[in-house]
Amino acid sequence: MKVTEFSRTVAFRLTLFYSLLFAFCVVMLLGFVYWQTAAEMTRRVDQALFLEKNRLAAVSAGQLPQEIAKSVRRDRRHIYYYGLFSADGHLIAGNIPDFPEELPVDGKVYAITLDANDIQPAPFRARMLALRLDYGYRLLIGHDVQQLTEFGEIMRRALLWGGLLTILIGLAFGFAFSFRPLRRVKQIQQACEFIMRGNIRERLPVSNQRDELDTLAVTVNRMLDEIERLMSEIKHVGDNIAHDLRTPLTRLRAVLYRLQQQMAEDSAQRGMVDQVIAEVDSLLQRFRALLRISEIESNQRRAGFKELQLQDIVTQAVNFIEPLAEDHSIALSMSGVSGLSVEGDSELLFEAVVNLLDNAIKFTPAGGKVDVRVSQGAQGPEIEIADNGIGISENERAAVLNRFYRSGSAHHVSGFGLGLSIVMAIIELHDFGFEFGNANPGTRVILHCWRQHAV
Amino acid sequence: MARILAIEDDETTAREIMDELGSHGFDVEWASDGRAGLERALNGKYDLITLDRMLPSMDGLTVVSELRAQHVDTPVLMISALSDVDERIDGLRAGGDDYLVKPFASEEMAARVEVLLRRRARSERQTTLRVADLELDLMQRRATRAGVVLDLMPTEFRLLEYMMRNYGQTVTRNMLFESVWGYHFDPGTNIIDVHIGRLRRKVDTPGLPPLIHTVRGSGYMLSESY
């Protein structure tokens, strides 16, 4: 199965959509947590700065440099910054070399970024406030926001990897989830192809999951049951008509026969009666063939299956049909191995081979040839009948297996078009396979003489 | 004149059998159900019985097995609407001598009746069959016509044997197919005719009076005069 096949499945698309949605939600959630946490951390920093400002504001001007130096010493974690600057910008006490010019001196907290000239490591981000004291002195108090930056970094990384992982896992599950439905769709597709090739008894596979595919398969199977029932009903009606018409036709023929017997040998009327009898005979033969098909299809003959030598049956059929080939000036040859045994009904298999040979001879012009071969194929014994006659085009092949169908190019050939239907019925009864092979020009049919379905 | 008993419940079919066999010069009596038929078959002296497979009061299979149980060996032609192989086998196993599927062509039925009557009259143990100057040595599988050995294929030999055993009788294509090939389906095409044609070319060589004749509308007959 190709990747594009997976990516087109409903399961895959749904999974991908959900994982994208999930990834989006994760990003939103983490973003919200980050935003809330950062705000809280900032608020605490600002509060600490205000407390510090209030504390230092209460200290007298003379005491301030010592108090600042003490505060710097006390701050072991180095998270506070202090600076007492004179009016000319000179640092009197504290741990910040220069007063950052962008910081307004209004007692409010601002986020400040200091560059490498000011402090190491740079760039350095901090929250700071500045106070104007007497005589143009300025007091600066700052708090490190390194923690906040690091927290932000962690969050960003978490968002990136989390999002990526979610999408990857989503893709993986998408593939996994679409594998089973895709495989089942494939199975259903194969079953449909098989049914379309004429195996109307076949049904779509139904799993025990009772999912939407099963619901669909069950519905289609019910539809197939109905189609099969209708088909058999139609066939049944056809068989009944054939059956019912046979008796009056036989009686009609009996009367005609008596008439024929009473007529003078050379009279003109006798010729006409002969013709009518021939027509009635051909009608009766059609009905017999139709009923023969339904008799074969009734499956009752399976009980009489025996182990048979394939070679014997084919030889017998070839010998039976050989004078006909000679009459048509067709070279009939047979080759093959002996000792291949099959389970079956010898009479029916003989009939099938005779019918196939009869067709091959009928549809091959005088001077042509018909080759029969019995061989052991990869999966079992095979009978191959090849002629160099008019052949059957690719798109006619399915149609010729239908009842009464005759190739458009074969209207001059006598026959009822039921021969192949009888062959197909016999093959189906035996659960054998039938295949048109390549022969150019001509027709090549191959009978696969082994059970096509497991019992 | 041979006497024939037709055990048949369908009046039209019975009428057909009586007409056809009557026109062949047989004396035909009709029994319309199984029990009455058995009664008459056991008491009357008949040369042949046509017996429907499905009859009211007692079915055909029972009738024929009852007859055989009572050591009545009158030839029985079973007639049935059931064309199944199993049905045929059952019919023959119960004691029927031949089996004909309904609906049948009346001359087919008559031909089979005549062959059955004939079979009774002749000895099966002959080793040489002879019709005019045609001779068939069954032991050596050798055929001669006017002293000349005929080069026959095994199938042709069997065809000729069947026709010679029933010389002077009409044999239908179905009968030939059944007895020579042993199968019971309708071979459909004119293959039997082709086989006969081939045999005819070997047997009836130019200059000799023909022995194999075509019986219009029904089959073939081997005889000196036709």
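Which whole-number percentage describes the relative contact order of segment A:303-448, with Cα contacts under 8 Å and a sequence gap of 6 or more? Walk me through the intermediate numbers first.
Working: 266 pairs, mean separation 34.2, N = 146.
After rounding, I find 23 percent.
Here the contact order of segment B:128-222, divided by its residue count and restricted to Cα pairs under 8 Å and six or more residues apart, works out to 26 percent. For segment B:180-214, list residues with backbone N below 12 Å from a point placed 7 Å from the Cα of residue A:265 toward its Cβ? Under 12 Å, as judged by backbone N against the label point of residue A:265, lie B:214 of segment B:180-214.
The antiparallel fraction among DSSP beta bridges confined to the protein assembly as shown stands at about 70%.
The residue A:185 and residue A:146 beta-carbon pair, evaluated with R₀ = 60 Å, returns a calculated FRET efficiency of approximately 0.55. Sequence-distant contacts, meaning Cα pairs under 8 Å at least 6 residues apart, place the relative contact order of chain A at 10 percent. For the protein assembly as shown, the 222 nm mean residue ellipticity estimated from helices alone, with every DSSP H stretch of n ≥ 4 adding -39500 (n - 2.57) and the total spread over all residues, rounds to -16500 deg cm²/dmol. Distance between the pseudo-spin-label points of residue A:312 and residue A:376 (7 Å out from Cα toward the beta carbon): 1.9 nm. DSSP bridge analysis restricted to segment B:3-121 gives an antiparallel fraction near 0%, rounded to the nearest 5. Remark: the Cα gyration tensor places the protein assembly as shown in the prolate category, a/c being 1.5 or greater and a/b exceeding b/c. Once you have a ≥ b ≥ c as the square roots of the Cα gyration tensor eigenvalues for segment B:3-121, tell me rounded if a/c is under 1.5, and otherwise prolate or oblate according to whether a/b is larger than b/c. Here segment B:3-121 falls in the rounded category. Amide H to amide H distances under 5 Å link residue A:82 with A:95, A:96, A:142, where only residues 5 or more positions off or on other chains count and H is placed in the peptide plane.
Laboratory data are not the source of any read-out in this text; all were calculated from the coordinates shown. Remember, it's a predicted structure, so these values are computed and weren't measured experimentally. With ideal geometry, Cβ positions are generated from the backbone for all residues, glycine too; neighbour counts draw on all protein chains shown.
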